[in-house]
Structures are given as structure tokens and as C-alpha cells.
1. In whole Å, what is the distance between the alpha-carbon centres of the range B:16-59 and the range A:106-149?
2. Mind checking the angle between helix A:22-34 and chain A's longest principal axis? C-alpha axes, 0 to 90 degrees, to the nearest 10.
3. What FRET efficiency comes out for the pair A:Met95/A:Asp123, r = Cβ-Cβ distance, R0 = 22 Å, nearest 0.05?
4. To the nearest 0.05, what FRET efficiency results for B:Glu44 and A:Asp134 with a Förster distance of 35 Å applied to their C-beta separation?
5. Note down the nm distance, to one decimal, between modelled labels 7 Å out along Cα→Cβ at A:Ala172 and at B:Val112.
6. Distance between Cα centroids, the range A:63-100 to the range A:35-52: provide it in whole Å.
7. Lys/Arg Cβ at +1, Asp/Glu Cβ at -1, dipole of chain A taken about the Cα centre: which of A:Gly40, A:Phe80, A:Phe98 is farthest positive-ward?
8. Multiply the residue gap between A:Ser109 and A:Thr63 by 0.36 nm, knock off their C-alpha separation, and tell me the result in nm, one decimal place.
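What follows draws every value from the coordinates through simple rules; no lab data is involved. The structure presented is a predicted model; accordingly, all values stated were derived computationally and were not measured. FYI the Cβ positions are ideal-geometry reconstructions off the backbone, even for glycines, and counts take in every protein chain you see.
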Amino acid sequence: MFFLLEMERIVTLPPQTFGSGLRETLHKQLISEVEGTCSGKHGYIVCVTRIVDAGKGRIQMGTGKATFHMKYQCVAFRPFKGEVIDCVVTQINKMGFFADAGPFAIFVSSNLIPGDYEFTSGDQGPSFVSGEQDVSIVKDCEVRVKIVGTRVDATEIFGIGTIKEDYLGVLAGPET
Amino acid sequence: MGERKQNADDINDIYESFGQSQMLFVSDVENILSTTLEDRKKEEPNYEFPNVVEKAHTYAKRFSTFTSASEPSYVKDTLSKNGLRPHEIVMLGNLCPDNLDEALHLIPTLKVTADDADSPSLPLLTLAVVQSCRHTSGKTRKK
């Protein structure tokens with residue numbers, strides 16, 4: 001799920017950046033330090049939307065650098081166990097398939113795919129095909145997945161999902 | 001040693017970490033990212049966005065459900081006045097279920113909220129909003 005968060009960070013700038021463009025440099029430095037990062041608490045920080053308060057710079061003794069206690073607003077993405085999410089299939093093998101919901105990668109094991117789906121590896125590439133309903137899971141198709149577990153690493157969050165419940169499964173074919 | 005919290009990342013515990021934060025529709029994210037990234041490109045045409053930002057933007061463009069800028073606010077205002085919690089409203093808007101049964105399956109806490117609200121019209125209201133979302137998004141699940 002996406003959130004609009006207000007967060008704080010201490011940003012340090014070297015003396016050569018002091019001057020008329022200091023605020024812009026500060027903004028760019030914050031963006032470079034924060035955007036794209038991931039934490040277990042807040043998930044992925046997708047985008048810094050605005051600076052709420054840049055704070056007043058304090059000069060560090062000895063180094064001459066200035067530290068700014070900044071408050072900023074950002075868009076974050078954090079997945080939750082039990083959440084139902086739409087995603088795009090990226091890779092398929094006989095063990096299951098991988099799908100992306102933005103920066104968040106989910107693996108759906110073949111054990112959590114309905115039993116009427118069978119893995120096939122044809123000319124069009126690997127896929128899971130449902131014989132009863134003539135529906136297939138192929139690369140780049142859209143699927144609705146329920147998250148059953150998440151794991152947070154240093155730089156990413158990884159999820160396990162299922163489509164073995166009511167109202168889950170293929171939404172649409174690949175984008176043309 | 002302190003007791004380790006189980007299921008700390010469960011959707012039912014969402015308000016422990018994000019109770020003070022605004023929850024966004026995918027359409028909101030698409031609007032925010034499109035505007036912000038466009039402004040940055042104007043300032044610096046050669047700026048390269050991190051992979052996470054590009055992926056989030058592509059995802060938001062593909063799965064955005066509202067077509068007009070006023071619809072997300074209308075849906076949030078209407079449903080929050082009728083007692084739905086923020087995560088329920090956002091999931092309804094993002095998933096656009098076809099009917100009430102699907103809505104209750106995809107968002108189980110919706111049933112609890114409806115029961116607690118003790119309002120016989122809440123399920124119908126939810127369904128009405130759901131139907132308007134479905135009309136807007138045009139997405140239907142393959143059966």
C-alpha cells in the first residue's frame with residue numbers, strides 16, 4: 001500500500017556548497033540519500049514530494065560541514081501480510097511465478113496456484129494454463145495476489161503470495 | 001528478553017505504524033509522481049531516477065483506477081463519513097471489486113466495519129461506490 005509520510009533526516013553539506021544555491025543543493029542531497037531506499041518500518045521511499053522544513057544549518061566543529069535537521073514529505077510503499085494487490089508477472093518456472101507490484105517483488109509458489117493450472121513450456125515461453133477456464137498466466141500479464149508473508153532485506157522487501165483463494169488470479173493479459 | 005511481536009507486518013496492524021499517515025490510492029500516486037518527476041525533468045533533463053522510482057511510476061500508470069482528479073477525494077470523503085477505515089477505502093478504490101461479495105472477500109475487515117457501524121445502508125453504499133469505481137476503471141477479472 002502507498003502512504004504519504006512525513007519524515008525527518010539530518011543532512012550534511014560540505015562548505016563548498018555554501019552559497020546562493022544552498023537550498024536547492026540541500027533538496028537534491030536529501031533526494032539522493034532517501035529516494036529508492038528501503039526499511040522494514042516504512043518500506044520503500046519512492047519519492048520526496050516536498051520539504052516541510054529545511055531547518056537551520058549548524059556548523060560542525062572541526063570539519064566545517066553544516067548539518068540540517070530536515071522534515072520532508074514523501075510517498076512510501078509498504079506491503080502487508082493479508083493485503084490483496086495487483087501485480088505484473090515477470091518470470092515463470094515450474095516452481096511458480098514471480099510478479100512485481102512496483103518495486104515490490106512477490107513469489108507465488110505452484111503450491112499456492114489453483115490445482116487446475118498446469119505448467120507448460122511452449123513456443124511462447126513458460127506459462128501456467130488453466131485447462132478448465134482457458135486462462136493462462138504468462139509473462140507481463142496482470143494478476144491479483146494476496147500477500148501471505150514478507151521478508152525485509154537491507155535493500156528490498158520480498159513477498160510470498162497466493163492466488164488460491166476466491167477472487168484472486170489473472171486480471172488481464174500482457175500489455176500490447 | 002522481551003516478547004517478540006508476531007505478525008508485525010499484518011494488514012490488521014497497519015495503524016500501529018501508519019496510523020498518522022495518509023493512505024494513497026494508486027491513482028493518487030500516479031498524479032503525484034507524474035507531476036513531481038515532470039518538474040524534475042524540466043530542471044534537469046538528464047536526471048536519472050532510481051530504479052525504485054521508475055518501477056513505482058510505471059506500476060501506478062498501469063494500475064491507476066480513477067480517470068478524473070476529483071473522484072479519489074469524493075470516494076474518500078463519502079466512505080470515511082460512513083465509518084469505513086482508511087485502508088478499506090484505499091483497497092476498495094485500488095481493487096474495484098465487481099460486487100459486494102468480492103469486496104468482502106478481498107477486504108475481510110469490511111464486514112467487521114459494516115457490523116460495527118450498525119447501519120443497514122453501509123453495504124449498499126459501499127456497493128454503489130464500488131460500482132462507480134468499476135465503471136471508471138474498466139478492469140474486470142478473468143473468470
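1. Answer, in whole Å: 30.
2. Helix A:22-34 sits at roughly 30 degrees to that axis.
3. 0.55
4. That pair, B:Glu44 with A:Asp134, gives E of 0.10.
5. Taking the two extended label points, one gets 3.3 nm.
6. Taking the Cα centre of each part, the range A:63-100 and the range A:35-52 sit 9 Å apart.
7. Of the listed residues, the answer is A:Gly40.
8. The A:Ser109-A:Thr63 span can extend by a further 11.3 nm.
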